[in-house]
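Notes to accompany the following structure.
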Amino acid sequence: MTINELEDTITSANWFSHLGEFRSRADTVSLVSITDDERWDWLPTSRDQEDPIHGDGLRVLIDQNGKGAERREAELRALKAALKSIRSIETRVARLVEGPHDYNIAAQSAAQFAARMAAREIIAEKCGFWCSVVKLYSSGFWPCGLTEEGKLIIY
C-alpha cells in the first residue's frame, strides 16, 4: 500500500456502516462473541497513546533512515483525510451508543489513530497491522481491541 492508496481507502471508507456484522476468523474475534470473562484491551483512541503493536520502533527506524519529515507529512495527510471523511458520516452512529455509553467519539478517534499509524507503517516499508486495520474501518467495521492472545477484536 502507498500513501495515495491509504488516502483513497480512507476517503472512500464506509465508516461504521457494518457494526455487529463481522464474523470471527482465525486471527480476529467479533466483539459480539466476546464473553464477560474474556480479557482484552482497547486499541488507542488518543493521538498521545503509544502504538500497542510497534511501540516507538517504527518512528525510531524512520528517523534513523532520515525520513522523519516524510513520516510527519504522511501522518498529517492520513489524519486530514480521516478527519474529512469521518465528517461525512452521521453525527451519532446509533450502534455506537449502549445505554448511557456513547462510543462515537472513541471510535472516530481510534480511526484517526489507525490512519496515522498506517501512514507510519507505509513510510517504514512495513505495511502490516495498521494498514489492515484501516481496511477494516473502510469496510464499515470498528477494529476496537486486542485479546490477551493478540487477536484483533472487531465490532
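The values are calculated or read from the model by the stated rules, or taken from the named source; none is laboratory data. All of these numbers come straight from a predicted model, not from anything done at the bench. Methodologically, a virtual Cβ is constructed for each residue, glycine included, from the backbone with ideal geometry; neighbour enumeration extends over all protein chains shown. When the accessible area is computed, the model is the full protein with side chains, heavy atoms only, and any ligands, DNA or RNA have been set aside. Shrake-Rupley method; radii C 1.70, N 1.55, O 1.52, S 1.80 Å.
Checking each residue in region 78-112 for being closer than 28 Å to ASN4 by Cβ, touching a residue at least 12 places away in the same chain (Cβ under 8 Å) and either open to solvent by 80 Å² or more (accessible area, probe 1.4 Å) or small (Gly, Ala, Ser) (or both) picks out ALA78, ALA81, ALA82, LYS84, SER85, SER88, ALA107, SER109, ALA110, ALA111. The numbered conditions (1) more than 16 Å from VAL133 (Cβ to Cβ); (2) in contact with an Asp or Glu (Cβ under 7 Å, 6 or more places away or on another chain) are all true for GLU38 except (2). Scanning region 123-137 for residues that are out of contact with any strand residue (DSSP E or B) (no Cβ under 7 Å at 6 or more places or on another chain) and open to solvent by 20 Å² or more (accessible area, probe 1.4 Å) yields a total of 7. Taking the criterion of being surrounded by fewer than 11 Cβ atoms within 10 Å (Cβ to Cβ) and either within 25 Å of ARG87 (Cβ to Cβ) or of a type outside the set (Ser, Thr, Tyr) (or both), the residues of region 15-57 that qualify are ARG23, ALA26, ASP27, ASP36, ASP37, ARG39, SER46, ASP48, GLU50, GLY55, ASP56.
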